[in-house]
Amino acid sequence: MARKRQKPLPNSLIVTQANELVEVRYNLPLGEQRLVLTMISRIQPDDADFKPYRVSVSDFAEFLGISRDSAYAECKKITAKLLTRVLHIREEGRLLQIGWMSSAEYIDGSGVVNLTFDPLLKPYLLQLKSSFTSCKLTMLLSFKSQYTMRVYTLLKQYEKLKVREVEMESLRDILGVRKDLHVEYKNFKINILLPTQKELAEKADLMFEFDEIKYGRRVGAIRFRISTKNPAIPLLPSDDMSAVNEVSYLTLELSSVNRFSDPSVQDLLSLISEQHRNKKTVHTALEIFSKRHGFDYVKRNILYSNAKADKSYAGFLNNALKADWGHDWDLEQQALPKKKPMEVWERNGFVSREQYDDFMYRKQMENYGLAIN
């Protein structure tokens, strides 16, 4: 039977999730993921508790592009499966295994299904004031791949930071890739990474290039370099209207901080400590030498300066870039006995994961115009 044309959804529907939920490990097929996102978009900012969220079976059929004749049966199949799906939320000192929904209620003759979230999901979906990510439901439902949905949300979380680095093991977990599927990186790249990159480039308001970070001979992490097609005003919590008047100021401020269009310069800036990152001499040096000698040349001299500079960091870095002081040092580092691969926070120059997480959280809040004491 012919598939129904999808019914346009209001642009005002927003999917807002705590960042813990954005990064949580789960595996949902496309239809189930679309249903969950539609439910989340029905939550209002001032909701103190979950309600039964009503989804019309006919609307469900239209935005999924399936026949109305089979919609009722298909919807029941999807909700039955969804009731068995488990999320694995890891927090300090505990692992929470939890289902998305506690119930799905079909009332004969009503043409709707009442869906209820599991109550233990409240901290991750209700009255979020900080550490959250928001996406338009219309954008998420436009994707044809469950992996594109997840990657888009992960990158949206770091959109203003321009760079996100994820360990391969964590990325596979977050995307819900089975242990026996696409085991070799080349297969993961061909079947998941490249199709996701293509779909985002075609449909989304952001896209990415990526670098393969190797641990010895294997690819151990992916560095996503995020670029925005149509820069938009950061989404603000609906109940924080005091920030709305500052949107123009925030937009100008963010555009001045991220003034380099070359993603490689943004990547290099991320290697430099925050106290030196905004110095004009540092910006200029990175831009000139990356164009002249390439990314790896500049990177090794930044890392050398991070290890060796004592007083004037900017002056030391400029001299290192001119003379390539980092060349021999980099060779010496490679010759050292191999250690356990460094964590993301270590490679970015932080002294602990807690410091790195706090830094990323504060950056996210700045993007929403929220001051953190």
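The values are calculated or read from the model by the stated rules, or taken from the named source; none is laboratory data. These numbers were taken from a predicted model, which means no experiment stands behind them. Positions of Cβ are generated from backbone atoms using ideal geometry, with glycine treated the same way; all protein chains shown enter the neighbour counts.
Quick look at the values:
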item	result
The range 32-86 - residue that is part of a helix (DSSP H, G or I) and of a type in the set (Ser, Thr, Tyr) and, of those, nearest to Ile98 (Cα to Cα)	Thr79
Residue in the range 344-354 that is out of contact with any Gly (no Cβ under 6 Å at 6 or more places or on another chain), at pLDDT 70 or above, among the small types (Gly, Ala, Ser) and buried (at least 18 other Cβ atoms within 10 Å of the Cβ) present	no
Among (1) within 22 Å of the chain's Cα centre (by Cα); (2) surrounded by fewer than 18 Cβ atoms within 10 Å (Cβ to Cβ); (3) part of a strand (DSSP E or B) - the single one Pro123 does not satisfy	(3)
In the range 269-290, the residues that are loosely packed, with under 13 Cβ neighbours inside 10 Å and in a helix (DSSP H, G or I)	Glu274, Gln275, Lys280, Thr284
